[in-house]
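Q: Here it is, the structure in full.
The values are calculated or read from the model by the stated rules, or taken from the named source; none is laboratory data. Since the model is a prediction, treat every value here as computed from it, not as a measurement. Cβ sites come from the backbone with ideal geometry, for glycine too, and all protein chains shown count toward neighbours.
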2 protein chains.
Amino acid sequence: MHRTYVKVLEDVLDANGTIAAANRDDFDRAGVTVVNLMSAPGAGKTTLLERSLRGLDVRVGVVEGDVASTLDADRIAQLHVSVVQIDTDPSFGGECHLDANMVRSALPSLPLDELDLVLIENVGNLVCPAEFLVGEHHRVMVSSVAEGEDKPLKYPLMFRACELVIVNKIDLLPHLDFDLDRYLHNLDAVHPGVDRLLVSAKTGEGVDAWREWLVRVGRREAVPA
Amino acid sequence: MHRTYVKVLEDVLDANGTIAAANRDDFDRAGVTVVNLMSAPGAGKTTLLERSLRGLDVRVGVVEGDVASTLDADRIAQLHVSVVQIDTDPSFGGECHLDANMVRSALPSLPLDELDLVLIENVGNLVCPAEFLVGEHHRVMVSSVAEGEDKPLKYPLMFRACELVIVNKIDLLPHLDFDLDRYLHNLDAVHPGVDRLLVSAKTGEGVDAWREWLVRVGRREAVPA
């Protein structure tokens, strides 16, 4: 059974890659840059988007992936940006990640020709989202300092799969047993030199740098190392 | 492809249930109570175990499930309890949950006849671990207040699958936008009346009640509602 399972999963990943490439073609044809935003549950992806999308100098859409509820989509809709909800629940008690086909099913609901940038908020999970391309140009993860400094070592694939790590909730640092230097050392151990931004989505600290990053990729300008 | 995928996953869950029942038979024959401990990444499962297993009035073993690294197993080993590491990495880039077969493979390394209680620390994930029985008698989840008050609504299966929710990191409450009443209301909305313990694994607050719960289930005494 296990070998069959792994074989089917490999086939699924192959098929997923094909659909992801089709998604990416569609995004490129429309001139839209797509960012896949990943994190553990409760790391602050939605709050970060609430903090950063208002008044951005590029036209933004959001795809919200959730196992259940439209809570996040409802929050994003209040920003008056295009938002599409993907509910992963119908198949098998809830998928723990978005795949290319789910994103593809959302495309007809997105006005791609009127957008520069689409942010895809993945299901909160540090394992499987890193394994499924969805057609994105950039992969960004949000890593909350409340989760502890060992997380890059425990979920290395996720931290390696991203080009930018947003270290969120830094307002909590005085109240945590969290050694930021050790965390950054762990991060460099699994993904040497990966770009990182220290942010508090709550207080707004560091959010401007993230907004500038979004505008640059939304305009398809080179992102400096 | 998608239908094949779902069908294989259903078969996998069936096969998993059979192996889980075999695990449970083995546990029962040895008179060992098994607790499946689940949470999002960084909710504080390992720290809670470090705080609670020392000097417990029952004989304890721990199974540590991780995608990568032996960090948690190393921490638990320092408590001088039996600890077995399950590395989920070999299959397909890392499984996001433990399954019954992985736990079965760990059984020969556990001195079941010398134990009363085995805690299985699952992979940090709020979706798939809830779908895979491993042969446990009790399912407990750790829910960090740093993850936000909406989590029961966003991951209802996990919160429903547990008989006890440990609300951890309550020492952070003064520093968070977290309405505890609203969180408990959300919890009751998805799992009415589920037992809950408010805990800070960091300061030790509430840990005694959790230790008492462990001793009671380790002695196979009834757990009061």
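Q: What number of residues within segment B:186-225 satisfy the criterion of being within 14 Å of chain A (Cβ to nearest Cβ), loosely packed, with under 13 Cβ neighbours inside 10 Å and free of Cβ contacts under 8 Å to residues at least 60 places away in the same chain?
A: Residues that pass the stated criteria total 2.
Condition check ((1) under 18 Å from the mean Cα position of the chain (by Cα); (2) closer than 15 Å to A:A106 by Cα) across all residues:
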| position | (1), (2) |
| --- | --- |
| A:F27 | yes, yes |
| A:M38 | yes, no |
| A:G61 | yes, yes |
| A:Q78 | no, no |
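Residue-by-condition table, conditions (1) at pLDDT below 95; (2) touching a strand residue (DSSP E or B) at 6+ places or on another chain (Cβ under 9 Å); (3) farther than 18 Å from B:L37 by Cα:
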| position | (1), (2), (3) |
| --- | --- |
| B:V142 | no, yes, no |
| B:V145 | no, yes, no |
| B:R160 | no, no, no |
| B:V165 | no, yes, no |
| B:D181 | no, no, yes |
| B:H191 | no, yes, no |
| B:V194 | no, yes, no |
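Q: Continuing with this model, one more query. Using the structure shown, decide if A:P41 is modelled with pLDDT under 95 and assigned to a loop (DSSP other than H, G, I, E, B).
A: Details: modelled with pLDDT under 95: no; assigned to a loop (DSSP other than H, G, I, E, B): yes.
Considered against the rule, which asks whether it is modelled with pLDDT under 95 and assigned to a loop (DSSP other than H, G, I, E, B), A:P41 comes out as no.
Q: I'm checking my understanding of the structure. Among residues of segment A:152-163 that are more than 7 Å from chain B (Cβ to nearest Cβ) and crowded, with 19+ Cβ neighbours inside 10 Å, which one is farthest from B:V123 (Cα to Cα)?
A: Going through segment A:152-163, the residues more than 7 Å from chain B (Cβ to nearest Cβ) turn out to be A:152, A:158-163.
Still in the list and also crowded, with 19+ Cβ neighbours inside 10 Å: A:152, A:158-159, A:162.
Working: A:P152: 14, A:M158: 14, A:F159: 16, A:C162: 21 Å.
It comes out as A:C162.
Q: Okay, moving on. Modelled with pLDDT of 95 or more and within 14 Å of chain A (Cβ to nearest Cβ): which single residue out of B:A68, B:A100 fits that description?
A: From the options B:A68, B:A100, the qualifying one is B:A100.
Q: Exactly one of these conditions fails for A:I166: (1) touching a Leu at 6+ places or on another chain (Cβ under 7 Å); (2) within 13 Å of chain B (Cβ to nearest Cβ); (3) within 30 Å of A:E221 (Cβ to Cβ). Give me its number.
A: (2)
Q: While we're here: Would you confirm whether or not segment B:126-138 contains a residue that is modelled with pLDDT under 95, among the β-branched types (V, I, T) and farther than 25 Å from B:D28 by Cα?
A: Yes, because at least one residue in segment B:126-138 is modelled with pLDDT under 95, among the β-branched types (V, I, T) and farther than 25 Å from B:D28 by Cα.
Q: If we scan segment B:5-21, do we find a residue that is more than 14 Å from chain A (Cβ to nearest Cβ), in a helix (DSSP H, G or I), surrounded by fewer than 17 Cβ atoms within 10 Å (Cβ to Cβ) and touching a Gly at 6+ places or on another chain (Cβ under 9 Å)? Working first, answer last.
A: Residues of segment B:5-21 that are more than 14 Å from chain A (Cβ to nearest Cβ), as a first pass: B:21.
When the remaining residues are screened for being in a helix (DSSP H, G or I), the result is B:21.
Narrowing the set further to residues that are surrounded by fewer than 17 Cβ atoms within 10 Å (Cβ to Cβ) leaves B:21.
Of the ones still in play, those that are also touching a Gly at 6+ places or on another chain (Cβ under 9 Å) are B:21.
Checked segment B:5-21: at least one residue is more than 14 Å from chain A (Cβ to nearest Cβ), in a helix (DSSP H, G or I), surrounded by fewer than 17 Cβ atoms within 10 Å (Cβ to Cβ) and touching a Gly at 6+ places or on another chain (Cβ under 9 Å).
Q: Has segment B:40-63 got at least one residue that is within 14 Å of another protein chain (Cβ to nearest Cβ) and at positive phi?
A: Yes, segment B:40-63 contains at least one residue that is within 14 Å of another protein chain (Cβ to nearest Cβ) and at positive phi.
Q: For A:V63, work out the one condition from (1) among the hydrophobic types (A, V, I, L, M, F, W, C); (2) touching an Asp or Glu at 6+ places or on another chain (Cβ under 8 Å); (3) under 29 Å from B:A161 (Cβ atoms); (4) at pLDDT below 95 it doesn't fulfil.
A: Going through (1) among the hydrophobic types (A, V, I, L, M, F, W, C); (2) touching an Asp or Glu at 6+ places or on another chain (Cβ under 8 Å); (3) under 29 Å from B:A161 (Cβ atoms); (4) at pLDDT below 95 one by one, A:V63 breaks only (4).
Q: Would you check if B:R75 is out of contact with any Cys (no Cβ under 9 Å at 6 or more places or on another chain), closer than 23 Å to B:L164 by Cβ and within 12 Å of chain A (Cβ to nearest Cβ)? Lay out the reasoning, then the answer.
A: Details: out of contact with any Cys (no Cβ under 9 Å at 6 or more places or on another chain): yes; closer than 23 Å to B:L164 by Cβ: yes; within 12 Å of chain A (Cβ to nearest Cβ): yes.
In short, yes.
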